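The structure appears right after this line, and notes come after that.
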Amino acid sequence: TLAVLFKDLGSYRQGISVLNKAVSKFGPDRRVLLLLGRLYFLNSQPDEAIAALKEITKLTPDDLESNITIGLCYESKGDDQEAEKYFAKAVSLDRDNVVAHLSLADLYSRGQKLAESAREYKTVSVIDSSIKWIYGYWAEILLKLGDDKGAFKIYEKAVTLEPDNKLIQEKLEEIRARLGRDFFLSEREKRDQVKAAKMIFVRPAADIPNM
């Protein structure tokens, strides 16, 4: 259609004009309203986008694409509370929707809801573990939560996906230095340490040198 062509060309205003004429002539249509909402959003008109998209959700409250786009519009307006409501609605409609989960992760991070943000990044990693860039964000959230061990494990995953990423390598070395040698002992070494400690505990008093 002409509106799609205008969208691809970046002529948002012309596309908006065409779609508004279509709505006036033929009445509300989901595909037309969805594209209209997206064009308004791309043209930095979030209020108009929300109005168009809510025409869809009035008839079909469970429309996934509309709920996500409305969330993005509220986010662009700085209304994180409303944005969260629509992103959460989208997640309830599609538990595997990466865009909805990532939108929540970013929203929670900005709002200092760090545990919730980490949870969303973890969910995305389960849905699609090949998305490289999420691991750095996830690890940084864990560092802010004081979870150096958790962050180290996430950076280890990140470096397998991006072996040449110097920043990730530096982060690993920083955390390695903080955690110390004990964290990196093998399971066998840990068992040997525990066994040695137990042996000291059960030694007869006569075997213990005078202090």
Positions within the range 11-59 being closer than 14 Å to SER76 by Cβ and of a type in the set (Asp, Glu), in sequence order: ASP47, GLU48
Qualifying positions in the range 4-40 - within 23 Å of ASN67 (Cα to Cα), under 32 Å from the mean Cα position of the chain (by Cα), modelled with pLDDT under 90 and of a type in the set (Gly, Ala, Ser): GLY15
The one condition in (1) touching a Gly at 6+ places or on another chain (Cβ under 6 Å); (2) at positive phi that GLY180 fails to fulfil: (1)
Restricting the range 130-147 to residues that are small (Gly, Ala, Ser) and touching a helix residue (DSSP H, G or I) at 6+ places or on another chain (Cβ under 8 Å), the residue that is most open to solvent (accessible area, probe 1.4 Å): SER130
Lone qualifier among ASP182, ASP96, ASP164 - being of a type outside the set (Lys, Arg), modelled with pLDDT under 95, open to solvent by 60 Å² or more (accessible area, probe 1.4 Å) and not in a helix (DSSP H, G or I): ASP164
Residue list for the range 40-53, restricted to those being in contact with a Gly (Cβ under 9 Å, 6 or more places away or on another chain) and over 22 Å from LEU102 (Cα atoms): ASN43, GLU48, ALA51, ALA52
Test for LYS54: is it open to solvent by 50 Å² or more (accessible area, probe 1.4 Å) and within 19 Å of LEU93 (Cα to Cα): yes
The lone exception for ASN43 - which of (1) at pLDDT below 95; (2) open to solvent by less than 70 Å² (accessible area, probe 1.4 Å); (3) within 30 Å of VAL159 (Cα to Cα); (4) of a type outside the set (A, V, I, L, M) it fails: (3)
Verdict on THR69 being open to solvent by less than 30 Å² (accessible area, probe 1.4 Å), under 21 Å from the mean Cα position of the chain (by Cα) and within 21 Å of ASN97 (Cα to Cα): yes
Restricting the range 103-124 to residues that are surrounded by fewer than 19 Cβ atoms within 10 Å (Cβ to Cβ) and within 9 Å of the chain's Cα centre (by Cα), the residue that is nearest to ASN67 (Cα to Cα): ASP106
The one condition in (1) open to solvent by 40 Å² or more (accessible area, probe 1.4 Å); (2) part of a helix (DSSP H, G or I); (3) not aliphatic (A, V, I, L, M) that ASP62 fails to fulfil: (2)
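The values are calculated or read from the model by the stated rules, or taken from the named source; none is laboratory data. Here the structure is a predicted model, which means the values were calculated and not measured. In this analysis, Cβ positions are derived from the backbone assuming ideal geometry, glycine residues included, and neighbour counts consider all displayed protein chains. Heads up: the accessible areas ignore ligands, DNA and RNA and are worked out on the full protein's heavy atoms, side chains in. Shrake-Rupley method; radii C 1.70, N 1.55, O 1.52, S 1.80 Å.
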